[in-house]
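S.K.: Provided herewith is a single structure, encoded as structure tokens, for subsequent inquiry.
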Amino acid sequence: MAIQHKKILSIAILASLLVFSFTVSSSTAISFAQRDGSSGGNQAAAQNSQDGNNDSESGVSQSSSSSQSSECLSGGSTTGSCNNISVQANQNGNDEEEPVKKAPVTPESETPATAEATGPVSASVSCGEVIKQSVKLTSNLDCKTDGIIIGADGITVDLNGHTVSGPGVTTSKVGFMLSDKDNVNIVGPGIVQNFQAGALNTGGQDDKISAVTFTQNQIGSFNTGAARTTIEDNLFFSNNIGVASHSSTGTHLITNLFKSNDLAGATFVNSAANEVSFNTIQGSVSGLFFDGQSSDNTVNANNILDNKGVDINNANGLPLNVNNNLFNDNNCNSSIPVGLCLGK
């Protein structure tokens, strides 16, 4: 039991360390993208070289400063420049006069209102691309950098059955990065794998992730400082942690399947007023974990079973009247404190 408690406590420690790492890396990525988003591959390559030095010297990678790097593999075969989206769009004119040739439609040239009016545009997207309009992927991405960086509010990225793969869980690279972006939808089916975070949401509001498979990431989906994120109908398996929430409120974690995530299915650190309902969580050291600063959360009708340590852990046994978390109709075998499982 002492060993299990050490593992459970390590969840909060790991989450806190990853918050620092991701906060540094995401802020670096966005500032670089805003400053140099269209300046070319030479600056990106130089920044990517600095990334390697940061990895070895400080242990905290300024990962996403290389988001505009030219070292991307699109569709697993072609090395691209990562500076443009080639949008595949057909424009039909009805004018009787001789048609005038139009410039290719790109996220930089098309207004968000036009993009939303026509729905997601089928697009060939490169690794590290800053997306500013709704797109539907047309190929897999095999990335040495970050995957896709969301650059505008109110857009949709449709994986369209494709896979976004990263360079490894120790590289501080992110599959989908949302930094202070609101009303963004990331839609499957599709797979996001082999990143330190499959999706990282820092400060966004009213974003949604649905029908996506997150596998072999350090954290499948990570919220920090986010509000009212909906994470619904996703599959999290073989990650270290399926979903992690830090200093976030109003998350709706609904009807997801968590299988064999090593350390934890879902963890909440300093996070309030979140809802966890109708999920299945199996095969982790800790199924569902709240720390002592996570209050006023509601946990309803989940199947949290067959985890190696504790199925439901409320702050290592903190009485419910202290942090006001509510647990109703959850099917589980073990809980701390006892009494959080249906019929037990």
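S.K.: Assuming a ≥ b ≥ c are the square roots of the Cα gyration tensor eigenvalues, decide whether the range 256-307 counts as rounded (a/c under 1.5), prolate (otherwise, with a/b larger than b/c) or oblate. The partial results should precede the final answer.
M.R.: Working: a/c = 2.64, a/b = 1.45, b/c = 1.82.
Oblate, because a/c is 1.5 or more while a/b does not exceed b/c.
S.K.: Kindly identify the range 231-344 as rounded, prolate or oblate by the Cα gyration tensor criterion: order the square roots of the eigenvalues as a ≥ b ≥ c, call it rounded if a/c is under 1.5, otherwise compare a/b with b/c, prolate if a/b is larger, else oblate.
M.R.: Details: a/c = 1.41, a/b = 1.14, b/c = 1.23.
Rounded.
S.K.: Using θ = phi - 60° and the Karplus curve 6.51 cos²θ - 1.76 cosθ + 1.60, what whole-Hz ³J(HN,Hα) does each residue of the range 234-241 get, with Gly and Pro shown as x?
M.R.: Calculated HN-Hα couplings, in order: 9, 10, 10, 9, 6, 8, 6, 10 Hz.
S.K.: Between rounded, prolate and oblate, where does the range 113-180 land on the alpha carbon gyration tensor, with a ≥ b ≥ c its root eigenvalues, rounded for a/c under 1.5, else prolate if a/b exceeds b/c? Write down the numbers at each step before the final one.
M.R.: Values: a/c = 2.84, a/b = 1.59, b/c = 1.78.
Taking the square roots of the gyration eigenvalues as a ≥ b ≥ c, the range 113-180 is oblate.
S.K.: While we're looking at this one, here's another question. Quick query: amide H of Glu129 versus all other amide H atoms, modeled in the peptide plane; which residues come in under 5 Å with a sequence gap of 5 or more or a different chain?
M.R.: Here the answer is Ile149, since their amide H atoms fall under 5 Å of that of Glu129.
S.K.: Report, please, the projected area of the range 161-263 averaged over directions, based on the convex hull of its C-alpha atoms, in nm².
M.R.: Numbers: hull surface 21.6 nm².
Projected over every direction and averaged, the Cα hull of the range 161-263 covers 5.4 nm².
S.K.: I've got another one for you. Skip the ligands, DNA and RNA, and give the accessible area per residue of the range 109-255 with a 1.4 Å probe, whole Å². If you can, show how the numbers build up before the last one.
M.R.: Working: 4260 Å² over 147 residues.
That works out to 29 Å² per residue.
S.K.: For the range 150-197, which semi-axes, largest first and in whole Å, follow from the square roots of 5 times the eigenvalues of its Cα gyration tensor?
M.R.: 20, 15, 6
The values are calculated or read from the model by the stated rules, or taken from the named source; none is laboratory data. Bear in mind the structure is a predicted one, so any value in this text is a computation, not a measurement. Each accessible area value is taken on the protein alone, full model and side chains, heavy atoms only, with ligands, DNA and RNA left out. Shrake-Rupley method; radii C 1.70, N 1.55, O 1.52, S 1.80 Å.
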